[in-house]
Every structure is written in structure tokens, then in C-alpha cells.
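Okay, structure first, notes after.
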Amino acid sequence: MDDKKDDLPSDRESDEREKIRNYIEEMTKKKKAPVAKDLVQLKHVEVKKQKVDQETLDLAKTLKEQYIKHDQFEHLSNDELTILESFIGGRMFLSRIAIVANQSRIPLGIEPFRKADLEKVLNSLIAKGYVEFEQVGDQLVYFLTERGKYRVQ
């Protein structure tokens with residue numbers, strides 16, 4: 001009886017091995033199936049450069065010149081950029097510009113703008129066409145030009 005018990009596990013093992021072998025054979029057959037790239041035949045296509053007509057060249061040149069004139073931003077200093085970006089509303093008094101501009105400088109340990117420094121930077125921005133001003137009473141009101149609004153965006 002002991003011999004029969006020993007035979008049973010080996011039969012089971014051989015059956016399982018056979019199942020695994022059959023499974024592996026099926027998987028290898030599937031892998032040998034043709035792949036999509038093997039089924040497709042590619043053809044060589046001649047590519048010719050298109051010639052640009054003179055009208056298109058002229059239009060591109062004109063647009064480039066207009067873009068350069070419109071978008072000809074000078075290299076602005078960090079102070080000038082800070083002041084440009086501090087414009088919240090349409091029009092601002094010098095004191096309000098100083099408050100907004102200095103809010104970002106003081107926490108960083110940078111010395112706040114003094115009135116003379118602020119006026120100097122604003123005059124530079126006015127000369128470059130980013131800011132304009134009007135006299136209201138005894139104070140000046142500053143506002144961004146279209147160029148300044150475009151630069152801030």
C-alpha cells in the first residue's frame with residue numbers, strides 16, 4: 001500500500017508539469033503570430049520643398065517690423081518691473097504705488113523705496129512709454145499706458 005501512495009503524488013506532479021508545458025507551448029505560438037508592423041508595407045514618398053511666394057515674404061517682413069516696433073521693450077531693471085507690476089487699479093497716487101511696491105520688498109529684507117527713488121524710477125518708465133501721469137490737485141496720478149499694460153501681462 002505504501003507503494004501506491006508514493007505513485008499518486010508523482011502522477012499529479014507529472015500531470016501538472018504537462019499542463020504547464022502545454023500552456024507554455026500555446027503562449028509561444030501566440031508570440032509567433034505576425035505583428036502589425038510586419039503586416040504593413042511602407043512606401044517611400046518624395047518630399048519637395050514648397051517655394052514661398054513674394055507676397056507672403058512681404059507680409060511676414062511687414063508683420064515682423066510692426067511687432068518689433070510694438071514689442072520693442074527695453075531691458076527694465078528689477079525696480080522698474082516691481083513698480084510696473086504694482087499698478088493694481090487704473091490710476092494710482094505716488095503714495096499708493098509706494099505702499100504696494102514696498103509690500104514685497106520689506107519682508108525680503110530689501111530696503112523700501114524712498115520718494116525720490118520712486119519718482120526717479122517712475123520718470124524712467126514715463127520716458128520709456130510704460131507709464132503716464134496727470135496732475136490732480138496738487139498731486140500726480142500715475143497710470144499705465146497700453147504698452148505698460150501689455151508688458152505687465
Check your understanding: Out of Gly148, Asn22, Ser86, whose Cα points farthest toward the positive end of the dipole of the chain (charges: +1 Lys, Arg; -1 Asp, Glu; placed on Cβ)?
Key -> Gly148
Practice item. Would you tell me the accessible area of Leu140, worked out with a 1.4 angstrom probe on the heavy atoms of the protein chains, in Å² to the nearest 10? Key: 60 Å²
Review point. Along the charge dipole of the chain, which of Val121, Val100, Leu57 sits closest to the positive end, that is, farthest toward it, with unit charges on the beta carbon of Lys, Arg, Asp and Glu (+1, +1, -1, -1)?
Key: Leu57
**Study point:** Solvent-accessible heavy-atom area per residue, rounded to whole Å², over the range 51-153 at 1.4 Å
**Key:** 72 Å²
Check your understanding: Per residue, what volume in Å³ does the convex hull of the Cα atoms of the chain enclose?
Key -> 321 Å³
Exercise for review: Within the chain, what's the longest run with no trypsin sites (Lys or Arg not before Pro) in a DSSP loop and at most 11 other beta-carbon atoms within 10 Å? Give the range, please.
Suggested key: 52-113
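Assign unit charges at the C-beta atoms only (+1 for Lys and Arg, -1 for Asp and Glu), then state the dipole size of the chain relative to its Cα centre in Debye, rounded to the nearest 20.
Details: 28 positive and 29 negative charges, 127 e Å.
In total the dipole reaches around 600 debye.
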Practice item. Quick one: P(r) of the range 38-126 from all Cα-Cα pairs, 5 Å bins, percents rounded to integers, in order of increasing distance. Key: 2, 10, 15, 13, 9, 6, 6, 6, 6, 6, 5, 5, 5, 4, 2, 0
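Count the net charge of all other residues whose Cβ sits under 10 Å from the Cβ of Phe113, scoring Lys and Arg as +1 and Asp and Glu as -1. Intermediate results must be reported in sequence, preceding the final value.
Details: positive: Arg105, Arg114, Lys115, Lys120; negative: Asp79, Glu111, Asp117, Glu119.
Net local charge, Phe113 excluded: 0.
Once fully extended, how much extra length lies between Ile88 and Asn22, figured as 0.36 nm per residue of separation less the alpha-carbon to alpha-carbon distance?
Full-extension gain reported as 16.2 nm.
Could you order Tyr130, Tyr23 so the one with the most accessible surface comes first? Probe is 1.4 Å.
Working: Tyr130 0, Tyr23 140 Å².
The residues order as Tyr23, Tyr130, largest area first.
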Review point. Asp15 to Leu42: FRET efficiency via 1/(1 + (r/R0)^6), r the Cβ-Cβ distance, R0 41 Å, to the nearest 0.05?
Key: 0.25
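Full extension from Gln103 to Ala60: what is 0.36 nm times the residue separation minus their Cα-Cα distance, to one decimal in nm? Show your work: numbers first, answer last.
Values: separation 43, 0.36 × 43 = 15.48 nm, distance 4.40 nm.
Working it through step by step, the gained length comes to 11.1 nm.
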Practice item. With all protein chains present, calculate the accessible area of Glu134 using a 1.4 Å probe and round the result to the nearest 10 Å². Key: 80 Å²
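Calculate for the chain the 222 nm mean residue ellipticity that helices alone would give, adding -39,500 (n - 2.57) per DSSP H run of length 4 or more and normalising by residue count, nearest 500 deg cm²/dmol.
Numbers: 7 runs with 92 residues, N = 153.
After summing the helix terms and dividing by the residues of the chain, the value is -19000 deg cm²/dmol.
The values are calculated or read from the model by the stated rules, or taken from the named source; none is laboratory data. Note that the coordinates shown come from a computational prediction; the quantities given were computed from them, not determined experimentally. Positions of Cβ are backbone-derived with ideal geometry, glycine not excepted, and every protein chain shown enters the neighbour counts. SASA here: full protein model, heavy atoms, side chains in, ligands and nucleic acids out. Shrake-Rupley method; radii C 1.70, N 1.55, O 1.52, S 1.80 Å.
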